[in-house]
Amino acid sequence: MSIAANETDFLKVQADRHFARKKLVSFGLPALVIAYLTYIFFIFDIPGLAQRFEADNARALVADSYSYKTHVARDNRSGEVSVAIEGERKGTYPEGTTPEWVTLGDTDTVIDLGDGHVVTYGADNFVSYEVPGYGLITAQPSRAKGVQAVLPEGETPEWINASKNRMTITTDAGRLTVTRNRTEVFRYFTGWELFFFTLDSPYHGMPVGEVMARALGGEASAIWQDFWTNKMWRHQDVAWAIFETILMAFLGTMGAALVALPLAFLAAKNFTPLVFVRQITRRFFDFFRGVDALIWTIVLARAFGPGPLTGALAILITDTGSFGKMFSEALENVDQKQIEGIQSTGAKPVQRYRFGVIPQVTPILMSQVLYFLESNTRSATIIGAITGGGIGLLLTQAMITQKDWEEVTYYIVLIVLMVMVMDWFSGWLRRKLINGDESGH
């Protein structure tokens with residue numbers, strides 16, 4: 001009885017301990033997660049995000065991504081008025097010509113923003129803005145007295161920002177900015193203006209049907225040339241940049257595969273019995289893949305200078321480490337019976353590797369290489385921004401200007417399409433080479 005009682009007591013103690021452990025896990029784990037999330041909430045200053053967020057800037061950024069703005073600017077020192085798409089010299093209207101909503105006069109320039117919003121550039125740098133429902137706003141900028149603004153009586157609305165040296169009026173119709181030296185009106189329009197033809201092209205503003213008719217009538221070469229050499233959207237440069245990006249990814253990935261494959265035999269224990277050689281090779285792989293491709297990009301750019309080849313080398317070095325590890329693991333899992341069968345025919349070591357090993361690991365190796373090729377297409381975009389090559393460089397340049405966000409959108413769309421095409425291509429090639437499926441299903 002005493003033995004049975006002891007066993008009962010032992011089982012009860014074990015059950016109590018198991019229940020206590022379950023209770024600790026059930027209550028302790030959620031508490032740990034809550035503590036971790038609380039820590040993250042404050043260490044990353046999540047409350048401060050709401051204070052730093054500016055809705056107006058966010059709306060302007062989104063608007064810039066799908067629309068363009070026309071600048072009507074007056075130099076208050078010379079009195080010269082210019083009209084330009086996105087304020088760029090390449091998008092400037094020829095002298096004496098303006099869009100239909102801008103009227104040039106001998107002394108006054110009238111800018112009709114629509115819905116009753118009218119801005120007038122008068123003599124002696126005078127400017128006025130008639131805002132429906134609010135009244136007439138005037139300003140007289142001068143180098144000596146700054147911007148002397150006169151507003152209707154009453155409280156100044158939030159969409160007017162006036163100081164001694166600057167006045168900014170932002171409405172749904174457009175924006176007026178007045179400083180000592182410059183008066184400028186910005187008006188937004190939906191679309192990507194001058195995407196096909198610039199202002200100096202004879203095909204600018206021409207209906208699509210007429211352009212197509214002229215193309216069929218023998219002007220296809222001239223139409224394509226005007227589009228391809230567009231000075232604002234630079235389609236020719238963009239196409240070359242896309243090619244450079246893909247080339248960087250291809251050269252880096254395939255070069256890494258060629259370097260890593262023979263080294264992988266040195267890291268596989270079933271092909272290299274010497275522990276010292278295996279460990280040295282594995283540490284070699286760890287070193288190369290342990291340093292990110294961006295770091296290698298900066299190091300190589302300092303050593304060899306910027307350029308697409310530097311980006312390809314950075315990808316090659318990083319992927320050599322990754323491929324070496326994956327290839328060696330694939331080699332360690334090959335079927336030795338197939339190798340022994342080849343050996344029984346009197347085949348030499350090289351022949352045993354060629355006919356007994358390579359056919360076994362080819363599907364795995366090809367699948368890994370093609371996946372990395374697809375992934376490196378995205379990585380080459382960022383690497384190109386550092387090395388000065390590819391679509392990444394154009395994307396960075398457009399972002400630095402802080403004004404050409406429609407170009408940023410254009411480049412991002414192209415990058416996404418490029419990744420989608422590479423995804424389709426790698427999948428098609430994988431099916432064709434590995435599964436022998438030529439139908440694509």
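The values are calculated or read from the model by the stated rules, or taken from the named source; none is laboratory data. Since the model is a prediction, treat every value here as computed from it, not as a measurement. We place every Cβ from the backbone using ideal geometry, glycine too, and count neighbours over all the protein chains shown. For the accessible areas, the whole protein counts, side chains as well, though only heavy atoms, and no ligand, DNA or RNA atoms are used. Shrake-Rupley method; radii C 1.70, N 1.55, O 1.52, S 1.80 Å.
Within segment 265-295, being open to solvent by 40 Å² or more (accessible area, probe 1.4 Å) and among the polar types (S, T, N, Q) holds for N270, Q279. Looking at segment 132-145, is at least one residue small (G, A, S), surrounded by 14 or more Cβ atoms within 10 Å (Cβ to Cβ) and over 22 Å from E100 (Cα atoms)? Yes, segment 132-145 has at least one match.
The residues in segment 172-217 that are in a loop (DSSP other than H, G, I, E, B), in contact (Cβ under 8 Å) with a residue 60 or more places away in the chain and open to solvent by 60 Å² or more (accessible area, probe 1.4 Å) can be counted, and the count is 3. If you go through segment 324-339 and keep only what is crowded, with 16+ Cβ neighbours inside 10 Å and assigned to a helix (DSSP H, G or I), you end up with G324, K325, M326, F327, S328, A330, L331, I339.
Scanning segment 218-260 for residues that are open to solvent by less than 50 Å² (accessible area, probe 1.4 Å) and either under 30 Å from V350 (Cα atoms) or among the β-branched types (V, I, T) (or both) yields I223, V238, I242, T245, G252, T253, G255, A256, A257, A260. Scanning segment 422-441 for residues that are more than 27 Å from the chain's Cα centre (by Cα), modelled with pLDDT of 80 or more and among the hydroxyl-bearing types (S, T, Y) gives no hits.
Whether a residue is of a type in the set (A, V, I, L, M, F, W, C) and in contact (Cβ under 8 Å) with a residue 40 or more places away in the chain was assessed, and A222 does not pass this test. Checked against the criterion of being in contact with a Gly (Cβ under 9 Å, 6 or more places away or on another chain) and modelled with pLDDT of 90 or more, the candidates E193, E153, E210, E184 yield just one match: E184.
The listed residues are I342, I382, I364, I386, and the only one of them that is in contact with a helix residue (DSSP H, G or I) (Cβ under 7 Å, 6 or more places away or on another chain), free of Cβ contacts under 8 Å to residues at least 24 places away in the same chain and open to solvent by 20 Å² or more (accessible area, probe 1.4 Å) turns out to be I342.
Checked across segment 34-55, the condition of being under 33 Å from the mean Cα position of the chain (by Cα) and within 15 Å of G174 (Cβ to Cβ) holds for no residue.
If you go through segment 30-70 and keep only what is part of a helix (DSSP H, G or I) and either in contact with a strand residue (DSSP E or B) (Cβ under 9 Å, 6 or more places away or on another chain) or within 30 Å of G91 (Cα to Cα) (or both), you end up with A55, D56, N57, A58, R59, A60, L61, V62, A63, D64, S65, Y66. In segment 146-169, how many are open to solvent by 40 Å² or more (accessible area, probe 1.4 Å), under 23 Å from G87 (Cβ atoms) and either touching a residue at least 40 places away in the same chain (Cβ under 8 Å) or in contact with a Pro (Cβ under 8 Å, 6 or more places away or on another chain) (or both)? The total comes to 0.
Against the list (1) open to solvent by less than 40 Å² (accessible area, probe 1.4 Å); (2) modelled with pLDDT under 75; (3) assigned to a helix (DSSP H, G or I), the condition A347 fails is (3). Restrict the check to segment 359-377 and report whether at least one residue is modelled with pLDDT under 85, among the hydroxyl-bearing types (S, T, Y) and in a helix (DSSP H, G or I). Yes; the residues of segment 359-377 include at least one that is modelled with pLDDT under 85, among the hydroxyl-bearing types (S, T, Y) and in a helix (DSSP H, G or I).
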